[in-house]
Structure formats: structure tokens, C-alpha cells
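Report on one structure; see the data block that follows.
The values are calculated or read from the model by the stated rules, or taken from the named source; none is laboratory data. Computed from a prediction, not measured in an experiment: that's the story for all the values here. Methodologically, a virtual Cβ is constructed for each residue, glycine included, from the backbone with ideal geometry; neighbour enumeration extends over all protein chains shown.
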2 protein chains.
Amino acid sequence: MTQPRFDVLAIGNAIVDVLAPCDDAFLAGEGLDKGAMALIDTDRAEALYAHMGPAREISGGSAANTCAGLAALGSRAAFIGQVAKDQLGDVFAHDIRAAGIHFDVAPREGHPPTARCLILVTPDGQRTMNTFLGASQHLSATAIDADLIASAAVLYLEGYLWDPNDPRAAMQGAIDAARAAGRKVAFTLSDAFLLDRHGDDFRALIDAGRIDVLFANEVELMGLTGEADFEAGVAMLAPKLPVLVVTRSEKGAIAVAGGQRAEVPAEPVAKVVDTTGAGDSFAAGFLHGHVRGASLRDCLTMGAVAAAEVISHYGARPEADLKTLLAQRLG
Amino acid sequence: MTQPRFDVLAIGNAIVDVLAPCDDAFLAGEGLDKGAMALIDTDRAEALYAHMGPAREISGGSAANTCAGLAALGSRAAFIGQVAKDQLGDVFAHDIRAAGIHFDVAPREGHPPTARCLILVTPDGQRTMNTFLGASQHLSATAIDADLIASAAVLYLEGYLWDPNDPRAAMQGAIDAARAAGRKVAFTLSDAFLLDRHGDDFRALIDAGRIDVLFANEVELMGLTGEADFEAGVAMLAPKLPVLVVTRSEKGAIAVAGGQRAEVPAEPVAKVVDTTGAGDSFAAGFLHGHVRGASLRDCLTMGAVAAAEVISHYGARPEADLKTLLAQRLG
């Protein structure tokens, strides 16, 4: 097995976030489920956008954000995702390349346009996401480059990709390619609501031993295992996975690997501004440690530091110097 | 004369800002003049964008930013500017309408695309602007609605509009319409570099008594008057204008009207993050007070409070509740 060219190759939706502040009354008036991600069509996207306040556009997408965190930490990251040939596609492609991430999927001509996520941020920093998948749902199996997959130590996939048909099929092929090349497969459950639609698929992937590192938050853990008790959920799931990572927001995070368990508190944050990308950044920090053979506890701390940085400002990608933050924290 | 429907109608370039941090070495490497605004063509825009780091897109444009400040303060504002029929044009139109500003100029079909300004922000908070005018330079005299001008107490124009040919001609017509309707004309010199190209035009406007309120910064004042001494510049210019306002960055601002002079220090700012829009917001605060008949000193304070808010975060439009900030400051 050759030395991998990349630490992590991530496959995910290629999305530009459209972030605007709002209050709880606005969410209620729009019938939005606070903290969740909803898929929306063109009409709903236009109507919601018309109601939203002034916004800012910042490149997003869950796995793409994780790549940005990895690159900021000094990992070598590559990304596969589909944009359209339009201005927002140019923005996404510029931002991911400017972050030092390998990205060479050609933009798709014609409709639909590049994906965007209308993100409403309440004064408590919670984000409520409304995703128009656009071109992103047309990521096809042909974009899944087996050589690229073989060139990365870890293949990282977001659960969100299970919603659109073409990418879902492409992901299975990507996992095959990674396993055939002897690479690890990391997977994030992304959102508890996905479990209603794709829980059986996710459980099947885990039971078949096709996932090496699983990222879940507390609600997703419960949804996946059917356990109402956190510890019971961990006890059920951990034996099925080489590495299980569960994030618990302000309660910190735990990881279990090979029967060993580690736990860290959340890092302190002066003010939670916008939680968009917290889980994505946590995964970046954890994977950065994981590919370097760091201890389970240090992997968790790297995740917590990266998550704390991204929730302290608007937008889902790091703005501060993560390398320096980590060096200060871990020495 | 009927009661005006709007407090201020502003005419300016319709621009989406593309903001990215950089260091001084990057500016030097790109041959950029720190703190200034340069006009760039398509090739240069593409090359510079490719070199820039990850960015965020936030609606901008000098006079449009002033409208956003006015609306945030509770003034009734309207804006005229030209976007293209494209995604960035949609972003600009959404943001300005969502801020509560009247805007009904139809987007322009075909090339060029909506204007953007590549803004590089150094760690000291200074912004260096590179403007691709795109559709904005095609603002034509037909977009200048005389009825709309007559419906606003103040017509506000940005000096930047003197660069492209069509808008420059349209502005002269707009001033005619405002004066015919008995409305006031406010004007900002925008950038000292404009004085090399259009100083004679600006001086002619002032000498002909066609401007009621002039906004300038210290460097622009020197450039316009040819005086190397600040007080000499004020002494030369003030008698030619009903109201002269000069901003002096961290030294505060002065205003002279009818022989009376007022002066305020800069408002304290915890950390200067990005000075983009400081002058635009200052003008918003001043005009908000001016149309309400506030004292010259209170007008300046309103300007200083609005400017302090906008330099405390990325982007040129207010994010905090300016009404509350002002109420706390002025009681």
C-alpha cells in the first residue's frame, strides 16, 4: 500500500450558505423546526429567501466544512462535490481551493443552480437550516474517482448525501473503492431527521463492517440505536465500530475505540454566535488527530478546539489560526 | 412642496462585496495601494480572486451601505443602482429590500455581470478595495426617476459614480431634478483618487451651488482644496457649502454649517475588525440627524456611532441594533 497523498478525501454536498439572523418568532411563523435541517424546493427557497433579512454568503456544506477545518489544521484534504456553472458555483470552488483543498470536479452546465442553504441564526446561536440541493444532488458515480479515493488515508462521507438518489448510489461505490484500497471509511450521521429516511441503510453499513469511524451527536445516537438512554446507546453501538465518536454540544464529547473510552468537556467559548458547522469542525479536529495516531483523548480535544472556534463567529469554516489555537491548547 | 415620502434617495453603484483577510505582504505582492479603491477589469478581477483566500460575500456599494444605515436608524430610504440578472444581482436586490429600502430598478439582462468589489482586509482592519463595476456602470439616465427624486427630502450621490460614463451623465440630471423639486443634494467625494480624474467636475458642482451637504475625509478635503493644512482646507471650502462634513478616522469628525462649527471625537471601538463602510455609515448617521433637524453636534455623534458599529465586524452594513445604540448614546 503506497503512502497516501491526502490525509482525508471527503465527499459531500457542495453548498453556499446564506446566513441571516432571525428571532424565534420568525422560525415559528415560517413553520421551521429549530436546530434541524430541512430540504426545500425552488419555490420554498424563493419564498423563504424573500422573507429573510439581509444575509451573507459563506461557502458551506458539511463535509466541505470538515475539509476546511482539516486544511486549517495542516492536514492534506481533498473534496468531491457537485456545483453548477454559475456565480455561486464559482464562489464555492474558489473558497475551497483558496483554503488549500484539492477540488477538481467540473461544474455542471445548465439547471439546477449551485446548492444553497438558507440558514437562520437565532440570538442563542442555534442555526436552522433549509437546504436547496440544486446541482449537488446530481453528483454522479462518474465523479467518484477511485484513484483519488485510494490516494487518501481516510474517506469521509456525510449522511446528508443519502437524501439525493445519485449521490447515495455513488457513496456505496466510494466505500467499495476505499475498502479495496485498504483505506479507512469515516461517516457522519449528519442529522437525526435522516434516520427516519435512511436509518436502515446506515445500520446496514455499520453491521456489515463498512464503517471505521462513526460520528454522531446525542440525538442521532438515540435515533440510530433506538435507545432512550445515552449510555445504553453507546454500549449498543460501540462494539460494532472500530471508532465511535459522539458529540454532546455543551456537554463535550466521548469516543470509544477498541474497548477504550475517552471523554472531554466542551471548550469554553466567550459567546456562541452561530453553531453552523460545529459538528463539521469537530470531525475535522478529531480526524486530524486520528490520521496522526494521536491518543483518543487528544483527538477529542482537537475536535473540541476546532468546534469552539467555529461557533464563535458567523459561518461554518474556521477564521482563526487553528494550528496556533491547538498548539496553545495541547502544547 | 408635498411632504417627502422618503428621507433619503441614494444613487450609487450596486455592488456585492467579496471580503477576505490578508496580510500586508499580500497587498505588496499584488501591487495594491493599501486603503484605496482601484477599478479593475474582468481579467484582473479573475486573477486577483484566484490569489485571494476564502472569502465571504456581503452586499455593499457605498451609497447602498448608507441606505442600510439609514434604514437601520429608522429613516425611510430608497436606492437606485444597476444590477445584472444573475445570482449576485439577486443577492444585492434581496439584501437591500430585506433591509427595508425601496429598490425597484429592473436587473439588466446579459453581460456584464453584477458588480463586485474584492476587498482585502489587513489585520489592522484597513480595507483595500478592487472594484469590478460590471452592470453597475450601465446605470442609465432612464433609471433616474424624477418623481422618486422629488419624493425624497435628500438626494444622496456617491463620487464613485463619476467614474463610469453613463452614470456620470445621469447624476447631473438627478441633481437637476432634485433642485427643481426643491430637495437637498448631498454628495460624498468617496475616494481621494477620484479627485485626479474628476476634481474639476466636483469643484464645479460646489462652485455652482448644486451641493447642499458635502461629505469628505481629510485626504479628500486636501485633494479638493489643494491645501496641505486641514484648517486651511476647511476655511476654503466651508463658505461654499450650506453643510460641510469632514471625517478624520480615529480623530473624529467636524461639521460646519452657516458659519457654525461642531466637532466630535471618534466613538470607542473594542476592536477595529474591518473599516469597510465606515464613511458610508457615518454619512447615514449624519443624514439621519440632518433630516430630523438635529443639532450639528448630534448629527456628528449619530454618524460616529453608526461608523463605530460597522467597523467592529466584517461587512459594510450594520449588524447591531443602531436605534438602541443611538438611544443609549444620545438618550
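The residues of segment B:112-149 that are within 20 Å of A:ARG56 (Cα to Cα), within 12 Å of chain A (Cβ to nearest Cβ) and either over 17 Å from the mean Cα position of the chain (by Cα) or part of a loop (DSSP other than H, G, I, E, B) (or both), listed by number, are B:PRO113, B:THR114, B:VAL121.
Could you tell me whether any residue of segment A:124-146 is among the β-branched types (Val, Ile, Thr), surrounded by 19 or more Cβ atoms within 10 Å (Cβ to Cβ) and more than 20 Å from A:ASP166 (Cα to Cα)? Scanning segment A:124-146 turns up at least one residue that is among the β-branched types (Val, Ile, Thr), surrounded by 19 or more Cβ atoms within 10 Å (Cβ to Cβ) and more than 20 Å from A:ASP166 (Cα to Cα).
Only helices (runs of 4 or more DSSP H) whose full extent lies in segment B:217-331 are considered here, and the ones with at least 1 residues that are polar (S, T, N, Q), under 23 Å from B:ILE58 (Cβ atoms) and in contact (Cβ under 8 Å) with a residue 24 or more places away in the chain are B:278-291. Taking B:VAL91 as the residue in question, decide whether it is crowded, with 22+ Cβ neighbours inside 10 Å and within 14 Å of chain A (Cβ to nearest Cβ). Answer is yes for this residue. Look at (1) surrounded by fewer than 17 Cβ atoms within 10 Å (Cβ to Cβ); (2) touching a strand residue (DSSP E or B) at 6+ places or on another chain (Cβ under 6 Å); (3) at positive phi and you find that A:GLY259 fails only one, number (2). Screening B:ALA20, B:ALA71, B:ALA63 for residues that are touching a Gly at 6+ places or on another chain (Cβ under 6 Å), of a type in the set (Gly, Ala, Ser) and over 22 Å from B:GLN87 (Cα atoms) leaves exactly one candidate, B:ALA71. Just wondering, is there one or more residues in segment A:38-50 that are under 19 Å from the mean Cα position of the chain (by Cα), within 26 Å of B:GLY315 (Cα to Cα) and either of a type in the set (A, V, I, L, M, F, W, C) or buried (at least 19 other Cβ atoms within 10 Å of the Cβ) (or both)? The answer is no, given that none of the residues of segment A:38-50 is under 19 Å from the mean Cα position of the chain (by Cα), within 26 Å of B:GLY315 (Cα to Cα) and either of a type in the set (A, V, I, L, M, F, W, C) or buried (at least 19 other Cβ atoms within 10 Å of the Cβ) (or both).
Per-residue answers, yes or no, for (1) assigned to a helix (DSSP H, G or I); (2) among the small types (Gly, Ala, Ser):
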position: B:ALA45; (1), (2): yes, yes
position: B:ALA68; (1), (2): yes, yes
position: B:SER75; (1), (2): no, yes
position: B:ALA78; (1), (2): no, yes
position: B:GLN82; (1), (2): no, no
position: B:PHE92; (1), (2): yes, no
position: B:ASP95; (1), (2): yes, no
position: B:GLY110; (1), (2): no, yes
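For B:ALA20, the conditions (1) buried (at least 24 other Cβ atoms within 10 Å of the Cβ); (2) within 14 Å of chain A (Cβ to nearest Cβ); (3) under 22 Å from the mean Cα position of the chain (by Cα) are fulfilled apart from (1).
Scanning segment A:223-252 for residues that are in contact with a strand residue (DSSP E or B) (Cβ under 9 Å, 6 or more places away or on another chain) and at pLDDT below 95 gives a single hit, A:SER249.
Within segment A:63-78, identify whether any single residue is at negative phi, surrounded by fewer than 18 Cβ atoms within 10 Å (Cβ to Cβ) and either within 13 Å of the chain's Cα centre (by Cα) or β-branched (Val, Ile, Thr) (or both), and answer yes or no. There is no residue in segment A:63-78 that is at negative phi, surrounded by fewer than 18 Cβ atoms within 10 Å (Cβ to Cβ) and either within 13 Å of the chain's Cα centre (by Cα) or β-branched (Val, Ile, Thr) (or both).
Does B:THR42 fit the bill of being polar (S, T, N, Q), farther than 19 Å from B:ARG127 by Cα and within 14 Å of chain A (Cβ to nearest Cβ)? The answer is yes for B:THR42. Among the residues of segment A:61-79, is any of a type in the set (Lys, Arg) and under 26 Å from A:LEU155 (Cα atoms)? Looking for residues that are of a type in the set (Lys, Arg) and under 26 Å from A:LEU155 (Cα atoms), one finds at least one in segment A:61-79, hence yes. Considering (1) surrounded by fewer than 24 Cβ atoms within 10 Å (Cβ to Cβ); (2) within 12 Å of chain A (Cβ to nearest Cβ); (3) in contact with an Asp or Glu (Cβ under 6 Å, 6 or more places away or on another chain), the lone condition that B:GLY60 does not fulfil carries the number (1).
Annotation: of all residues in segment B:298-323 being touching a Leu at 6+ places or on another chain (Cβ under 7 Å) and of a type in the set (Val, Ile, Thr), the one that is nearest to the other protein chains (Cβ to nearest Cβ) is B:VAL305.
Residues in segment A:159-215 that are aromatic (Phe, Trp, Tyr) and free of Cβ contacts under 8 Å to residues at least 60 places away in the same chain: A:TRP162, A:PHE187, A:PHE202. Are any of the residues in segment A:192-211 closer than 30 Å to A:GLN3 by Cβ, surrounded by fewer than 21 Cβ atoms within 10 Å (Cβ to Cβ) and in contact with a helix residue (DSSP H, G or I) (Cβ under 6 Å, 6 or more places away or on another chain)? Yes, segment A:192-211 contains a residue that is closer than 30 Å to A:GLN3 by Cβ, surrounded by fewer than 21 Cβ atoms within 10 Å (Cβ to Cβ) and in contact with a helix residue (DSSP H, G or I) (Cβ under 6 Å, 6 or more places away or on another chain). The single condition among (1) surrounded by fewer than 19 Cβ atoms within 10 Å (Cβ to Cβ); (2) of a type in the set (D, E, K, R); (3) within 14 Å of chain B (Cβ to nearest Cβ) that A:ASP86 does not meet is (1). Is it true that B:PHE6 is more than 14 Å from chain A (Cβ to nearest Cβ) and among the aromatic types (Phe, Trp, Tyr)? It is true that B:PHE6 is more than 14 Å from chain A (Cβ to nearest Cβ) and among the aromatic types (Phe, Trp, Tyr).
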